[in-house]
Amino acid sequence: MSLVHITGFINGEFLPMSNQLQPVYDPGNTTNQIGTISNTPLHDVENAVKSAHQAFLKWKDTSIQERQDLLKKASELIFQQKDKLKELLVSEHGGMLWEAETDFYLGSGVMSMYAKAPHDILIPKEIAEDTGWIRIHKRPKGVISAIVPWNMPIVLTMMKLGPLLLAGNTVVLKPSPFAALALTQLLAKIAEVFPKGVINVVHGDADVGNLMTSHPLVRKVAFTGGTATGAAVMASAAQSIKDVTLELGGNDAAIILENIDFKAILPKLLKGVFTRSGQICFAVKRIYVPRDKLDLYFDLLCEEVDKYKIGHGLDAEASFGPLNNKKQWSIVQKFIENAKVSDQCEVRELGQKINPEQWDQGYYILPHAVKTMENSLEIVQLEQFGPIIPLIGYETVEQAIEYANDNEQGLCSSVWSDNIELAYEIAKKIEAGSTFINSHSFDSLQLGMPFGGVKQSGIGRELDINETLKSYLEPHSIRYIK
Ligand code: NAD
């Protein structure tokens, strides 16, 4: 694969390569350079916002039909570009090929959903009064800053792009430096379909992000990423009272009830844990099991996970790939080391290395399982974002619910039982944006179902057509009194 060099683009023009070049290496083989990102100088980030603002002045008056026609084209483009870009995506973000393909499929599906979405919410409403009338218009907000992470960059971007464009806004978007190459190439193609300046892309990290969240012409920040960064984004946006949508970290609990065949549900449960090496915001990150089954279930889980083979994302034999970057790799290593020296849990290293001699050239970590009765352990309380899973024993169902809720995160969760009504009663008591019954992975999501977190997992919802469109609109009330 030849090296891929990317720059940002503003008003339909690629920027020249800047003097802030950032090499990109394959996380599965860090001796292999994949490409270069040209970080966007701050004066060009400023230009990107101005260009998005200029484009907004016309784009806001386009018809809904026109916008939906363009979203349909964007959806088709994502689908068409999948085969060209999926290997590049794997090589820069470390996932499996099927995970990259899923990212494109979901991204295309999200755009298609907004291309076909009912849009009553965009149409002005009139309330007749004896003394006159009230007409309520829904205006787009203006320039949106969209900031996305590296783990599923395509779909997480489209979850913002689809609704914000349909609502009549324009955008300055910043990919993560850890997955910018394929996404930027895709966005450049999509941007060509839209009028110049409607979609602008810039590159960089916190410095660029900070300008995007504080610029006076930006009316809203749509952010997906870690909770600590989300707090910084919110603080920056607060200085000029900007609206925010925050999709942040998760520490999802899966509660396994008494009456279920654990062995039978294991494949589904493990898909929720280890897909993308555990680097999914709504991966299963804590599994609660009845105390008297803890030893048995731990052994069953370990037996299954021990069959995993870990290697490069382009290796079809691999169960999962490396972690995305050194920082994330170090965080997960630290979690494992801390758990190993704790006398309150048992840690098992599992699985096999596909390519032992190249193991240290990538950010690989073998899967680990942890057995404990202690809910306050670091490995239980904090989001691991890696291939490590704690099983925690509970005494009563009430305690399992208490444990699940005893956490600052509340993104998704699941309850596993043969008794669906009982599972439903428990699901209603969990503090989370979504709770799945007898599943907990990509398969659990449905386009149109609200997705987002409570507590420190975020503010706002995506994927729900009305709720999400609403978050990119401002009602404007016009009243006439005779
Ligand atoms: P991150 O917070 O480190 O980075 C996210 C984005 O924010 C990147 O583009 C980064 O460059 C940018 N950024 C960094 N500092 C910034 C600042 N001060 N101002 C503005 N932007 C800034 O997250 P990550 O490591 O890329 O992703 C992993 C995290 O994202 C995990 O916690 C995961 O749970 C979360 N996540 C959440 C969802 C969700 O939908 N809730 C989805 C995917 C990932």
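The values are calculated or read from the model by the stated rules, or taken from the named source; none is laboratory data. Predicted model only: the values in this text are computed from it and were never measured. We place every Cβ from the backbone using ideal geometry, glycine too, and count neighbours over all the protein chains shown. Keep in mind that these areas ignore ligands, DNA and RNA; they rest on the heavy atoms of the full protein, side chains included. Shrake-Rupley method; radii C 1.70, N 1.55, O 1.52, S 1.80 Å.
Among the residues in the stretch 139-156, are any away from the ligand (no atom under 15 Å from the Cβ), of a type outside the set (Asp, Glu) and assigned to a helix (DSSP H, G or I)?
no
Which of (1) crowded, with 24+ Cβ neighbours inside 10 Å; (2) within 8 Å of the ligand (Cβ to nearest atom); (3) of a type outside the set (Ser, Thr, Tyr) is the odd one out, the single condition Val172 does not satisfy?
Among (1) crowded, with 24+ Cβ neighbours inside 10 Å; (2) within 8 Å of the ligand (Cβ to nearest atom); (3) of a type outside the set (Ser, Thr, Tyr), the lone unmet condition for Val172 is (2).
For the stretch 438-477, give me each residue that is of a type in the set (Lys, Arg) and within 15 Å of the ligand (Cβ to nearest atom).
Lys455, Arg461
Tally time: how many residues in the stretch 16-34 are touching a Ser or Thr at 6+ places or on another chain (Cβ under 7 Å) and open to solvent by less than 30 Å² (accessible area, probe 1.4 Å)?
4
Return the only residue of Ala179, Ala206 being touching a residue at least 24 places away in the same chain (Cβ under 8 Å), assigned by TED's automatic domain parsing to the domain that holds Ala48, within 12 Å of the ligand (Cβ to nearest atom) and buried (at least 24 other Cβ atoms within 10 Å of the Cβ).
Checking each option against the conditions leaves just Ala179.
When the residues of the stretch 35-47 are filtered to those that are in contact (Cβ under 8 Å) with a residue 24 or more places away in the chain and surrounded by fewer than 19 Cβ atoms within 10 Å (Cβ to Cβ), which remaining residue is farthest from Val90 (Cα to Cα)?
By that ranking, first place goes to Glu46.
Yes/no per residue for (1) in contact with an Asp or Glu (Cβ under 6 Å, 6 or more places away or on another chain); (2) open to solvent by 50 Å² or more (accessible area, probe 1.4 Å); (3) assigned by TED's automatic domain parsing to the domain that holds Lys86:
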residue	(1), (2), (3)
Leu294	no, no, no
Glu304	no, yes, no
Lys307	no, yes, no
Ile310	no, no, no
Gly313	no, no, no
Leu323	no, no, no
Ile331	no, yes, no
Glu349	no, yes, no
Lys371	yes, no, no
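Give the stretch 1-37 a look and list any residue that's touching a strand residue (DSSP E or B) at 6+ places or on another chain (Cβ under 6 Å) and of a type in the set (Ser, Thr, Tyr), or say none.
Within the stretch 1-37, Thr7, Ser18, Tyr25, Thr36 meet the criteria.
Only one of these is of a type outside the set (Val, Ile, Thr), touching a helix residue (DSSP H, G or I) at 6+ places or on another chain (Cβ under 6 Å) and surrounded by 24 or more Cβ atoms within 10 Å (Cβ to Cβ): Ser145, Ser108, Ser112. Name it.
Ser145
Could you list, in sequence order, all residues of the stretch 331-368 that are assigned to a loop (DSSP other than H, G, I, E, B) and more than 24 Å from Lys271 (Cα to Cα)?
The answer is Ser342, Asp343, Gln344.
Inside the stretch 182-203, can you point out the residues that are crowded, with 20+ Cβ neighbours inside 10 Å and of a type in the set (S, T, N, Q)?
Thr184, Asn200
Scan the stretch 328-344 residue by residue and report those that are out of contact with any His (no Cβ under 7 Å at 6 or more places or on another chain) and among the β-branched types (Val, Ile, Thr).
Ile331, Val332, Val341
Select from the stretch 378-406 the residues that are farther than 20 Å from Ile430 by Cβ and among the hydrophobic types (A, V, I, L, M, F, W, C) and list them in ascending order.
Scanning the stretch 378-406 gives Ile379, Phe385, Ile388.
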